[in-house]
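Written below as structure tokens is the structure these notes are about.
What follows is calculated from the coordinates using simple rules that are stated; it is not laboratory data. Note that this is a predicted model, so its numbers are computed, not measured. Don't worry about glycine lacking a Cβ; one is built from the backbone with ideal geometry, like all the others, and counts go over all protein chains shown.
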Amino acid sequence: MSHHPFSLVGRVALVTGASRGLGWAMAEQLAAAGAHVVLNSRDAVALTKQAKLLHDRGQKASVEAFDVTDSHAAELAVERIVKAHGRLDVLVGNAGIQHRNAIEDWKGDDWDRVTDANLKACFFLAQAAAKPMKAQKFGRIIFTTSITGLLGRATIHAYVASKAGLAAITRSLAAELGESGITSNSICPGYFETEINTALLSDEAFVTRINNRTALKRWGKPAELGGAAVFLASDAAGYITGHQLVIDGGFTSTM
Ligand SMILES: NC(=O)c1ccc[n+]([C@@H]2O[C@H](COP(=O)([O-])OP(=O)(O)OC[C@H]3O[C@@H](n4cnc5c(N)ncnc54)[C@H](OP(=O)(O)O)[C@@H]3O)[C@@H](O)[C@H]2O)c1
């Protein structure tokens, strides 16, 4: 294994929600840093296309298509990864969904759908991943939270609860798994140009409002998140755990 502190050569990383958007951006950069990246989402066709892109660059990738809310499927996928590669070093629990509604229109099913995907699924994936990570005495758990888990925002009640909860689980996992050589951190994005924000991106006034509110005066580009995933997955971040790394162009740190 290379000694460059940011090298991921020899590491195996599972990235959920890797068919597009932030998950794909993180997967791309983990692969570029040398990791074998296992791409997950529910769409096997899209994932196979993305894996081919990485193979064409001479990088290592494979596909595990499953719904993250199916914890049994997640457990089986982790077992297959360990069988194929002998290890699982990095879990990027990134898959997530959004639902917007005024308070009076929220239904229990919508609440459950969002929290199941964004919160519960991440915990049970971490449970599955912790098994091989504990055995190998090394692991990196990285979740994607959101600045809306830090700052209130109207209409997205289940989403903000799921992201604040995920930040809390980041810390409880850090507390429990540290003695096994496993770190647990989250990446907390501000506003990025991805499909989850299609409705917002088509609202010119909102786009401008975010530009003006952000210290860097623009939305983030997905590629600008990948470096943080490489860092937190690497040996360079070996003493960082329980942390939430905010990547928001200064949105939450400035007025
Ligand atoms: N974009 C932003 O500004 C922003 C800001 C803060 C946080 N985030 C968070 O970043 C993460 C990624 O979002 P994004 O912006 O990249 O959105 P996106 O473009 O909509 O991508 C979401 C990804 O999650 C996958 N996914 C959704 N539900 C899934 C499930 N049940 N099982 C497996 N995969 C599932 C989707 O793939 P399939 O549909 O093919 O399954 C897709 O790959 C989310 O957790 C989101 O909350 C985004």
What is the distance in Å between the Cα centres of region 18-36 and region 129-173?
19
Got a sec to turn the phi values of region 229-241 into Karplus ³J(HN,Hα) couplings, 6.51 cos²θ - 1.76 cosθ + 1.60 with θ = phi - 60°, whole Hz, x for Gly and Pro?
5, 4, 4, 5, 7, 8, 5, 4, 9, x, 10, 10, 8
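Pairs K137/K163; K107/K221; K60/K137; K107/K217; K83/K221; K83/K163: which exceed 30 Å Cα-Cα?
Working: K137/K163 28 Å; K107/K221 33 Å; K60/K137 23 Å; K107/K217 36 Å; K83/K221 35 Å; K83/K163 32 Å.
Those over the limit are K107/K221; K107/K217; K83/K221; K83/K163.
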Alpha carbon centre of region 192-231 versus region 55-100: separation in Å?
26
For the chain, give the magnitude of the charge dipole about the Cα centre (Cβ charges: +1 Lys/Arg, -1 Asp/Glu; no others), in debye to the nearest 20.
580
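So what's the back-of-envelope 222 nm ellipticity for the chain, counting only DSSP H runs of four-plus at -39500 (n - 2.57) apiece and dividing by all residues, rounded to 500? Walk me through the numbers before you get to the answer.
Numbers: 9 runs with 110 residues, N = 255.
The helix-only estimate for the chain comes to -13500 deg cm²/dmol at 222 nm.
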Could you go through region 73-86 in sequence order and give the Karplus-derived ³J(HN,Hα) for each residue, using 6.51 cos²θ - 1.76 cosθ + 1.60 with θ = phi - 60°, rounded to whole Hz, and x for Gly and Pro?
4, 5, 4, 5, 5, 4, 4, 5, 4, 5, 5, 6, 10, x
Name the long-range amide H neighbours of T145: under 5 Å, sequence gap of 5 or more, or other chain; modelled H, no Pro or chain starts.
I187, C188
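Restricting things to Cα coordinates, could you compute the convex hull volume per residue of the chain in Å³?
Each residue corresponds to 128 Å³ of Cα convex hull volume.
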Give the long-range amide H neighbours of H99: residues separated by 5 or more places, or on another chain, with amide H under 5 Å away, using H modelled in the peptide plane at 1.01 Å from N.
Y159
Using the Karplus curve 6.51 cos²θ - 1.76 cosθ + 1.60 with θ = phi - 60°, work out ³J(HN,Hα) for each residue of region 196-209 in order, rounded to whole Hz, and write x for Gly and Pro.
4, 9, 3, 4, 5, 5, 8, 9, 4, 5, 5, 4, 5, 4
With the Cα gyration tensor of region 1-136 in hand, convert its eigenvalues to equivalent ellipsoid semi-axes via √(5λ) and list them largest first in whole Å.
28, 17, 13
Check each of the trypsin sites (Lys or Arg not before Pro) in region 157-255 and keep only those in coil by DSSP with at most 15 other C-beta atoms within 10 angstrom; list them in order.
K217, R218
Considering amide H positions built from the backbone, and no H for Pro or chain starts, which residues 5 or more places from G220, or on another chain, come under 5 Å of its amide H?
Y191, F192, E193
Would you work out which of V45, H85, I142 lies farthest towards the positive end of the dipole of the chain? Charges go on Cβ: Lys and Arg +1, Asp and Glu -1.
H85
Quote to one decimal, in nm, the extra length available between S202 and A175 on full extension: 0.36 nm per residue of separation minus the C-alpha distance between them.
5.6 nm
